[in-house]
Amino acid sequence: MDDTWERVGTHWNRFEAPDLLHTRAVGPISRDEFATALDVIELHAKQGPIFWLVDLTHLDGIAPEARRLLSERDARAFLRGIVLIGGGFSQRVLATLAIKAVRLFWRHKTHVPFVFLADEREARAWIEAERRARPGPHASAGQRADGAAGKEL
């Protein structure tokens, strides 16, 4: 695992090969920061869709302009799944609102699985299960489909 974290505004990103972008949201998320996050997702998904693990523990709001960006940029082709961890009631409400916005804008199209989980350990276990259930372009030989978990956007 690469321990190099890159700063985007007040937030932090780390890519873990072959297919995981780990984000720590700190403070509010602006439109520009969200646009940069989508750019980072696209960059790392050049070899195929990736998982996005987002730690909400220190999230302090999502600007309405950032939520509206979802109507302009469709990232589903770049994502295998979204895992949201940590955070209290207010952070989960903010994330739920963003997910509802995604559902409105991306209706009747391919869906991306997502889950809310308690911590990083659970998140990584879910990601491993998804890798086995739905092998992607990064899959090693011998991986097999054995069920799916979570919700879908």
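The values are calculated or read from the model by the stated rules, or taken from the named source; none is laboratory data. Since this is a predicted model, take the numbers as computed values, not measurements. Neighbour counts run over all protein chains shown; Cβ positions are idealised from the backbone, glycine included.
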So which residues in region 26-51 are touching a residue at least 60 places away in the same chain (Cβ under 8 Å) and either closer than 21 Å to Leu69 by Cα or in contact with a Lys or Arg (Cβ under 9 Å, 6 or more places away or on another chain) (or both)?
Gly48, Pro49, Phe51
Residue count, region 10-47, condition touching a strand residue (DSSP E or B) at 6+ places or on another chain (Cβ under 8 Å), part of a loop (DSSP other than H, G, I, E, B) and more than 18 Å from Phe114 (Cβ to Cβ), comes to 1
Considering only residues that are at pLDDT 90 or above and of a type in the set (Ser, Thr, Tyr), look in region 28-84 and name the one that is nearest to Ala98 (Cα to Cα).
Ser30
Selected residue (criterion: nearest to Ile127 (Cα to Cα)) from residues of region 3-17 that are crowded, with 16+ Cβ neighbours inside 10 Å and not hydrophobic (A, V, I, L, M, F, W, C)
Glu16
Could you please let me know if Thr23 is surrounded by 14 or more Cβ atoms within 10 Å (Cβ to Cβ), closer than 24 Å to Arg132 by Cβ and either within 11 Å of the chain's Cα centre (by Cα) or of a type outside the set (A, V, I, L, M) (or both)?
yes
